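Just below is one structure, and these are the notes that go with it.
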Amino acid sequence: MAGEVNIKRLAQELNISIATVSKALNDSYEISLKTKNRVLSLAKELNYTPNPAASNLRSNKTKTIAVIVPDVANNFFSLAIKGIEEIARKYGHHVLIYQTHEDAEMEKSFTNSLLNGRVDGILTSVSSNEYNSDYYRDLVKKVPLVFFDRVYESLDAFKITTDDYQISFKATEHFIECGCQNIAFLYGLGKLPAGTARFTGYKDALIAHGINFREELVLDYSEDEEVNFANIKTLFKKHKPDALFSSIEEFIIPAYMACAELKFSIPGDVKILSFSNMSSAKLLNPSLTTITQPAFEIGNEAAKCLFKILNKKGMDDDKDIVLKSVLIKRASTGC
């Protein structure tokens with residue numbers, strides 16, 4: 001009995017119609033228990049597995065959703081994907097994951113390839129190297145789409161974010177309460193609303209406490225870790241900050257390395273905190289004070305919103321959902 005095992009093959013082997021086999025496999029009340037048992041027994045014997053695409057043709061559903069993120073190895077995104085998968089399983093959907101490596105062109109290529117009905121909907125956290133709001137303004141009209149963490153605020157779509165401005169303000173105040181006056185800002189995601197909100201929270205907190213904002217204490221992110229390492233060392237030598245506020249976790253290792261090379265004590269000579277979901281933050285020496293985002297919950301909420309769209313429920317709900325991050329104080333700020 002060699003050859004492809006499909007519904008047609010089962011029907012031929014049992015000398016019954018394809019429709020009867022299909023109904024038996026779907027436990028239809030129209031089919032007798034005896035026939036069901038015959039079909040299921042042969043299906044098991046031949047290792048038959050249903051084709052999800054074929055079984056969903058009538059409903060035009062693939063039972064699959066796509067998740068497009070910059071970096072699956074990033075702690076935040078790996079947790080968010082777990083949150084998405086939990087909800088997808090409840091709705092009987094598979095999850096396809098695409099990694100853009102912060103490349104906006106790759107991001108568009110992935111998304112365009114999904115517009116031919118390969119997936120029922122898309123969850124995305126956009127790349128940071130280009131502002132693509134015009135592209136997405138057109139895209140949300142073509143496919144069910146939900147943004148999480150990295151979003152475009154002006155679009156009419158579900159957007160799940162965190163309180164970036166408020167938590168950055170609070171984190172800057174924490175430095176000030178620890179006696180810091182020369183607080184440097186390590187600036188990532190500069191082309192996205194999340195990055196701008198974090199920077200504005202930092203800047204406004206300084207002003208609110210009567211501390212002059214100094215442009216020379218702001219350092220932009222480079223994709224080259226060695227460049228970040230060199231720039232942080234130069235920042236220390238030229239401007240002598242007593243605190244480093246990192247808006248993304250990619251600055252953490254270069255910052256610790258720079259302090260080690262310059263023989264700066266953390267938190268004695270300089271205090272450090274960062275946005276980060278790194279599970280190893282508490283194991284660094286000294287342990288790192290972090291702004292930790294509810295990544296799993298963000299993924300969970302984003303998936304729930306996508307299934308609202310797919311099931312045409314809750315479409316009048318508030319589309320801008322903001323979850324709270326947490327400032328976890330550890331040894332690197334030392335007060």
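The values are calculated or read from the model by the stated rules, or taken from the named source; none is laboratory data. Source: prediction; values computed, not measured. Don't worry about glycine lacking a Cβ; one is built from the backbone with ideal geometry, like all the others, and counts go over all protein chains shown.
Tabulated data
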quantity: Residue within the range 290-298 that is in a loop (DSSP other than H, G, I, E, B) and out of contact with any strand residue (DSSP E or B) (no Cβ under 7 Å at 6 or more places or on another chain) present; calculated: no
quantity: Within the range 121-142, considering residues that are assigned to a loop (DSSP other than H, G, I, E, B) and among the small types (Gly, Ala, Ser), the one nearest to the chain's Cα centre (by Cα); calculated: Ser125
quantity: Number of the condition not met by Thr172 [criteria: (1) without any contact (Cβ under 8 Å) to a residue 24 or more places away in the chain; (2) in a helix (DSSP H, G or I)]; calculated: (1)
quantity: Matching residues in the range 216-238 - criterion: being outside any loop (DSSP other than H, G, I, E, B), over 26 Å from Thr162 (Cα atoms) and among the charged types (D, E, K, R); calculated: Glu216, Glu225, Glu226, Lys233, Lys237, Lys238
quantity: Matching residues, the range 100-140, being hydroxyl-bearing (Ser, Thr, Tyr) and without any contact (Cβ under 8 Å) to a residue 24 or more places away in the chain; calculated: Ser109, Ser113, Ser133, Tyr136
quantity: Positions within the range 285-325 being free of Cβ contacts under 8 Å to residues at least 40 places away in the same chain and either within 14 Å of the chain's Cα centre (by Cα) or assigned by TED's automatic domain parsing to the domain that holds Leu123 (or both), in sequence order; calculated: Thr292, Asn311, Lys312, Lys313, Gly314, Met315, Asp316, Asp317, Asp318
quantity: Residue that is in contact with a Gly (Cβ under 7 Å, 6 or more places away or on another chain) and either outside any helix (DSSP H, G or I) or surrounded by 13 or more Cβ atoms within 10 Å (Cβ to Cβ) (or both), where the choices are Pro267, Pro241; calculated: Pro267
quantity: Condition met for Lys23 (among the basic types (Lys, Arg), modelled with pLDDT of 85 or more, exposed (fewer than 12 other Cβ atoms within 10 Å of the Cβ) and not assigned by TED's automatic domain parsing to the domain that holds Leu123); calculated: no
quantity: Residue under evaluation Leu189, criteria (1) loosely packed, with under 14 Cβ neighbours inside 10 Å; (2) not in a helix (DSSP H, G or I), criterion not met; calculated: (1)
quantity: Matching residues in the range 280-308 - criterion: being closer than 24 Å to Phe199 by Cα and of a type in the set (Ser, Thr, Tyr); calculated: Ser287, Thr289, Thr290, Thr292
quantity: Among (1) surrounded by 21 or more Cβ atoms within 10 Å (Cβ to Cβ); (2) within 30 Å of Ala258 (Cα to Cα), the one test that Glu130 misses; calculated: (1)
quantity: From the options Ser274, Ser287, residue that is of a type in the set (Gly, Ala, Ser), farther than 16 Å from Ile160 by Cβ and not in a loop (DSSP other than H, G, I, E, B); calculated: Ser274
quantity: Scan of the range 162-180 for residues that are surrounded by fewer than 22 Cβ atoms within 10 Å (Cβ to Cβ) and under 21 Å from the mean Cα position of the chain (by Cα), ordered by number; calculated: Asp163, Tyr165, Gln166, Ile167
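Conditions tested, residue by residue: (1) among the hydroxyl-bearing types (Ser, Thr, Tyr); (2) farther than 18 Å from Ile298 by Cα; (3) touching a Leu at 6+ places or on another chain (Cβ under 6 Å); (4) in a loop (DSSP other than H, G, I, E, B).
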residue: Gly117; (1), (2), (3), (4): no, yes, no, yes
residue: Ile176; (1), (2), (3), (4): no, yes, no, no
residue: Tyr202; (1), (2), (3), (4): yes, yes, no, no
residue: Gly210; (1), (2), (3), (4): no, yes, no, yes
